[in-house]
Amino acid sequence: MLNLIKERKSVRTYLDKDLTAKDLKAVKQIIETYNNKQGFFKNRIELQFFEKPFLNDEKHTKIGTYGFITNPRCFIAGCVENSFYGMVDYGFIFENMILDLTEKKLSTVWLGGTFDRKTFDFMQKGNQIVPTITPVGYEDTHQSQKEQNVREHVHANQREPFETLFFNESLDQPLSESHALAPLFELVRFAPSADNKQPWRLLVKKDMVHFYLHRTPTYQEQLSFDVQAIDMGIALSHFVKGLKDQKIKFEVSNNFVNIDLPELEYAFSVKLEK
Ligand SMILES: Cc1cc2nc3c(=O)[nH]c(=O)nc-3n(C[C@H](O)[C@H](O)[C@H](O)COP(=O)(O)O)c2cc1C
């Protein structure tokens, strides 16, 4: 499972090829596993599969991606309550699903901005929103020019240095890369994030790991949901995969007494059991 975290990458250029019957079945099973699941903060995620969105008849929904995705075949969309912790839960569950798809050698890309959200109005009831979708398909290793431009623009292959993201006891003490939990933090560092902003900052205090959001100012003025809260949920997904791998018991909550830190927004904490 942990290798998958390193293998996953955004794919925007797909082979012009339908999913095989076996893969289609696997995708449907994976969606079933996560559909209507709640995250740690009790928000339920509803998933919908769009198997043939480009068939030209009334029954099928057309999904617009402004030319950013080449040869998309099918899509998965998710819907959740539009709140900070709704987005955290969404990030957690949608990323778990994406990692399961990666395990089946299926490619994906989180899309939060570059798709026509109006198509999904029918899914959104009350205060719900469809924050992201992903295509599912086979990677074409010859990336489209648009994909190369996007990856270069956001330095998609790069991540911030370890010592600028993870801290021990206080923000002026970077966590040592030889810390027992360092391999788990490395999994967080590999997480995808909107525009590759990597807004997660983690502070270890004894048996607690506090997750803070280093928000990019004015960043999401055009969006009607908190995309960086989704990034926090994705980080939690990777961290929890690592904890489970190491058989470390834990509890996630936003009720723990936390510490106000300048320029950082508290999100949640993970309490590790000895
Ligand atoms: C919540 C979220 C929203 C994203 N929205 C878009 C998007 O609208 N369009 C796009 O091309 N990529 C989008 N991405 C993909 C990121 O740009 C990508 O994850 C990041 O550059 C790191 O690259 P990697 O996924 O290949 O590791 C999004 C990623 C996340 C986590």
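Brief remarks follow.
- Model label sites at Arg215 and Lys125, defined 7 Å from Cα along the beta-carbon direction, differ in position by 3.0 nm.
- The trypsin sites (Lys or Arg not before Pro) of segment 1-31 include none that DSSP puts in a loop with a beta carbon having at most 10 other beta carbons within 10 Å.
- GluC sites (Glu not before Pro) restricted to segment 167-274 and DSSP loop, no more than 16 other C-beta within 10 Å: Glu169, Glu177, Glu221, Glu263, Glu273
- Length released on extending from Leu272 to Lys25, taking residue separation times 0.36 nm less the Cα-Cα span: 85.2 nm
- Site pair Thr33 and Gln143 shows an inter-label distance of 2.8 nm when each label is modelled 7 Å from Cα along Cα→Cβ.
- Applying 1/(1 + (r/R0)^6) with r as the Cβ-Cβ distance of Lys17 and His155 and R0 = 22 angstrom yields a FRET efficiency of 0.15.
- Full-extension gain in nm, Thr114 to Glu263, via 0.36 nm per residue minus C-alpha separation: 50.8 nm
- When you restrict to C-alpha pairs under 8 Å that are six or more residues apart and normalise by the size of the chain, the relative contact order lands at 21 percent.
- Stokes-Einstein D (µm²/s) once Rh is taken as the Kirkwood radius of the chain over alpha-carbon pairs, at 20 °C in 1.002 mPa s: 111
- Label point 7 Å beyond Cα of Gln222 along Cβ direction - residues of segment 130-152 with amide nitrogen under 19 Å: 130-134, 146-152
- Taking GluC sites (Glu not before Pro) across segment 45-144, the ones in a DSSP loop with at most 10 further Cβ atoms lying within 10 angstrom of their Cβ are Glu58.
- With R₀ set to 51 Å, the beta-carbon distance separating Lys105 from Lys205 gives a calculated FRET efficiency near 0.80.
- Here the sum of -39500 (n - 2.57) over DSSP H runs of 4 or more residues, divided by the residues of the chain, equals -8500 deg cm²/dmol at 222 nm, to the nearest 500.
- Counted by Cβ distance under 11 Å from Val150, the other residues give a net charge of 0, where Lys and Arg count +1 and Asp and Glu count -1.
- Label zone at Glu7, where the point sits 7 Å out along the Cα-to-Cβ direction: segment 232-249 residues whose backbone N lies under 18 Å: 238, 241-242, 245
- The GNM of the chain, with springs linking C-alpha atoms under 10 angstrom apart, assigns the highest mean-square fluctuation among Ala194, Ala21, Ala229 to Ala21.
- Shape of segment 162-272, Cα gyration tensor, a/c cut at 1.5: prolate
Read-outs: derived from the displayed coordinates by stated rules, not from any lab. All figures in this text were calculated on a predicted structure; none of them were measured in a lab. We place every Cβ from the backbone using ideal geometry, glycine too, and count neighbours over all the protein chains shown.
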